[in-house]
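For reference, the structure discussed in these notes is given below.
The values are calculated or read from the model by the stated rules, or taken from the named source; none is laboratory data. From a predicted model like this one, the values you see are computed outputs, not experimental measurements. In this analysis, Cβ positions are derived from the backbone assuming ideal geometry, glycine residues included, and neighbour counts consider all displayed protein chains.
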Amino acid sequence: MKTQVIRRTMNSVYVWLALLLTVLFCLVQTSVVQAADHTPVQGAEALRSTLFDVQMALAGDATTAAATMATVEALPVEPWFVTLTEVAPTAAATVQQALTDAQTAVDNGDGPALAAARAQVWTALLSGAQSIVLQAVAQGDVTTAREWLLVREFRQATRFSRPNADATLALVALESGQISAEDAANAIRADLYDTYQARLTEALRNLASADEQGFALRRAEHAASAQGYFAILQPAYLEQRQAMATDALRADLAALTAATLANASTAELQAQLATVSAALDGFRAAPLLPAEQAQRAGQLLRFLNLVGVEYGRGVRNGEVTSDLEIREAVTFFTGARAAFDDLRD
């Protein structure tokens, strides 16, 4: 009797173990399928998020950082990255090299180097996505273009400016036959160039700010971001400034990133930033049309006037009396500076 009970008990245990193993197997298979089914934007954002998690863990838990970093090993076989490798091999190679640099940074516990590698991965993905979109447009493949156009950034939006949707609208017009593939490509390129030039300007400005505050990680990340954004804009710069100037600026930006990783002094960084800024002076990857110039000029004058108005409402006798009005003044100043940056370039 006892033997039968034991046997029945053991059989139940085996059944439950079999069920458990089946469930685990299904979960593993599901995760593999989900990884394989990543759309380009899902895959790119997942990689970006993973590297951010590695950065957060590295400061206090090297083991977790290493384990999280190991999860990107399957990247080369994911369908979306295979497409990137086939269509934009230079961008894919940059991603792979940056991931190697990230692994080295994790092994060495080097936070700034990891921050720079993260930025290089992301900007290379943006560059590759742009290449795929433009090639798809040339081939009349709106579906692929629309899928990869999601792997992009936008200009910083405020209450007074909205993200540019020209690239998306160009695909809609191309699909309906309203414009040619060439016109669509020009609109998409102008939209993305406008965005990434604004991001380049922000990265250089944020680099100076991070250096003043002694933020080593941010300093390295902003420098590498600036380097990556310029790589996207490089064809336009080459067309306007020729090869010698382009090579010089590319080298200056690489040196700027290296300087942040070498913990260069503020004086050294300021000198290098001045060199880079001088090389970018007067350059605009996507020149503004006359109507756009007039619009930016109007924004500049209007927003500058409102800065003084809001500041005057929020300060009395040298003391802040209304935080809301000061925040409004800052918002208008940000808008005015963005308009000025566009007109200056």
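Looking only at region 248-264, count how many residues are outside any helix (DSSP H, G or I) and either touching a His at 6+ places or on another chain (Cβ under 8 Å) or in contact (Cβ under 8 Å) with a residue 24 or more places away in the chain (or both). Before you say what the answer is, go through the steps one by one.
The initial filter retains those residues of region 248-264 that are outside any helix (DSSP H, G or I), namely 262-264.
This time we only want the ones that are either touching a His at 6+ places or on another chain (Cβ under 8 Å) or in contact (Cβ under 8 Å) with a residue 24 or more places away in the chain (or both), so: 263.
Residues meeting the conditions: 1.
Take the residues in region 230-282 that are charged (D, E, K, R) and more than 16 Å from Tyr196 (Cβ to Cβ), then tell me which one is surrounded by the fewest Cβ atoms within 10 Å (Cβ to Cβ). So that I can check it myself, show each step before the final result.
The initial filter retains those residues of region 230-282 that are charged (D, E, K, R), namely 239, 241, 247, 250, 252, 268, 281.
If we keep only those that are more than 16 Å from Tyr196 (Cβ to Cβ) as well, we get 241, 247, 252, 268, 281.
Numbers: Arg241: 16, Asp247: 12, Asp252: 18, Glu268: 14, Asp281: 9.
Residue satisfying both the conditions and the ranking: Asp281.
Condition check: assigned by TED's automatic domain parsing to the domain that holds Asp191, farther than 30 Å from Thr334 by Cα and in contact with a Leu (Cβ under 8 Å, 6 or more places away or on another chain). Does Leu149 satisfy that? Before you say what the answer is, go through the steps one by one.
On the way: assigned by TED's automatic domain parsing to the domain that holds Asp191: yes; farther than 30 Å from Thr334 by Cα: no; in contact with a Leu (Cβ under 8 Å, 6 or more places away or on another chain): yes.
It is false that Leu149 is assigned by TED's automatic domain parsing to the domain that holds Asp191, farther than 30 Å from Thr334 by Cα and in contact with a Leu (Cβ under 8 Å, 6 or more places away or on another chain).
Which one of Arg152, Arg199, Arg205, Arg218 is outside any helix (DSSP H, G or I), closer than 29 Å to Met56 by Cβ and under 17 Å from the mean Cα position of the chain (by Cα)?
Arg152
Rundown of residues vs (1) acidic (Asp, Glu); (2) surrounded by 21 or more Cβ atoms within 10 Å (Cβ to Cβ); (3) at pLDDT 95 or above, yes/no style:
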| position | (1), (2), (3) |
| --- | --- |
| Asp166 | yes, no, no |
| Ala173 | no, no, yes |
| Gln178 | no, no, yes |
| Ala181 | no, no, yes |
| Tyr193 | no, no, yes |
| Tyr196 | no, yes, yes |
| Arg199 | no, yes, yes |
| Leu207 | no, yes, yes |
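Counting only residues that are of a type in the set (Gly, Ala, Ser) and in contact with a Leu (Cβ under 8 Å, 6 or more places away or on another chain), which one in region 181-224 is farthest from Ser127 (Cα to Cα)? Give the derivation first.
Of all residues in region 181-224, those of a type in the set (Gly, Ala, Ser) come to 181, 184-185, 187, 190, 198, 203, 208-210, 214, 216, 220, 223-224.
Checking the rest, the ones that are also in contact with a Leu (Cβ under 8 Å, 6 or more places away or on another chain) come to 181, 184-185, 187, 208, 220, 223.
On the way: Ala181: 20, Ala184: 18, Ala185: 15, Ala187: 16, Ala208: 25, Ala220: 20, Ala223: 17 Å.
Step by step, filter region 181-224, then rank; the result is Ala208.
Looking at (1) surrounded by fewer than 20 Cβ atoms within 10 Å (Cβ to Cβ); (2) out of contact with any Pro (no Cβ under 8 Å at 6 or more places or on another chain); (3) aliphatic (A, V, I, L, M), can you tell me which one Ala216 breaks?
Here Ala216 meets the rest and fails (2).
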